Amino acid sequence: MRPPDCRILPSACSDPAEGTSRPGDPGRLSGRIGPTGPCGGTAVPEKLGENRARTCGEEAGGMHAHPQQRKNPLRRSSDRLQWWAARTLLVVAIGGVPAAIAVGLAVHQDQARVVREESTDRHPVTAQLVADVPTAVGITTTRAAVAWNSDGADHLASAVVPSGQRAGTPVQIWVDDRSRVVPQPAGTGEAIAVAATAALLTVTAVPLLSMLTWKGTLHLLNRRRYAGWDAEWQQIEPQWTRRQPS
């Protein structure tokens with residue numbers, strides 16, 4: 001007769017009365033069933049302890065499993081899912097670096113195009129203040145009425161000018177091809193700053209989102225494992241308590 005398999009029925013390898021191993025025992029039980037067992041669950045034979053320890057290590061970290069463990073009979077479907085999720089998210093996190101470079105280059109090209117268009121459509125003109133601009137504490141610029149002549153036509157509009165100026169003071173403003181007051185066009189330095197900001201946000205956000213996704217996945221998988229342990233304990237506990245009276 002073949003010796004009992006402790007992986008299926010641990011109590012078959014021990015004497016409930018004496019707590020000793022029977023002949024043909026594949027390995028002495030490493031603990032009692034319950035919270036004192038490996039991973040806080042059912043005890044397993046010592047010969048299976050190494051495989052169980054590796055499985056427990058995957059539950060705690062998930063990124064340290066050797067590829068040969070994919071053939072481990074103790075690995076559950078949740079362990080395999082965790083193995084693939086860990087490596088997929090690791091690749092995504094590492095891919096944040098080239099993604100940030102690509103985003104930075106794309107944003108820089110777009111901003112450079114905007115700079116060229118604004119430089120072509122906008123030009124500075126000299127206007128005069130229509131009225132005195134009062135001085136205010138802590139305020140260096142304010143909006144005031146200005147007038148200028150362009151292409152033989154007089155124009156009147158509101159523009160941002162330095163505060164504390166008298167009427168008739170010349171000020172420089174920017175207008176477009178339709179003589180509308182517009183902001184000063186962006187420079188090359190601003191385009192580089194916007195591109196660098198976009199790249200920095202990307203290289204920071206991708207690993208962060210990968211880590212949050214990993215934590216959420218691990219939380220859901222552990223909830224599933226604990227639910228499985230509870231369901232199995234509900235089936236085993238009535239038989240176990242009869243064999244091991246407290």
Check your understanding: Could you say whether any residue in segment 173-186 is in contact with a His (Cβ under 9 Å, 6 or more places away or on another chain) and polar (S, T, N, Q)?
Key -> yes
Practice item. Please enumerate the residues belonging to segment 194-219 that are among the hydrophobic types (A, V, I, L, M, F, W, C), closer than 16 Å to G95 by Cα and surrounded by 13 or more Cβ atoms within 10 Å (Cβ to Cβ). Key: A198, A199, L200, L201, V203, A205, V206, L209, W214
Review point. Taking segment 193-246 on its own, how many of its residues are farther than 21 Å from A85 by Cβ and either assigned to a helix (DSSP H, G or I) or not polar (S, T, N, Q) (or both)?
Key: 27
Review point. Is there a residue being at pLDDT 50 or above, part of a helix (DSSP H, G or I) and closer than 21 Å to L218 by Cβ anywhere in segment 42-64?
Key: no
Point to revise | Test: V160 is out of contact with any helix residue (DSSP H, G or I) (no Cβ under 6 Å at 6 or more places or on another chain), part of a strand (DSSP E or B) and free of Cβ contacts under 8 Å to residues at least 60 places away in the same chain | key: yes
Study note, to complete from the structure: The number of residues in segment 154-180 that are over 23 Å from E118 (Cβ atoms) and exposed (fewer than 12 other Cβ atoms within 10 Å of the Cβ) is 5
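The values are calculated or read from the model by the stated rules, or taken from the named source; none is laboratory data. Since the structure is predicted, the reported quantities are computational estimates derived from the model, not experimental observations. Backbone-built Cβ (ideal geometry, glycine too); neighbour counts: all protein chains shown.
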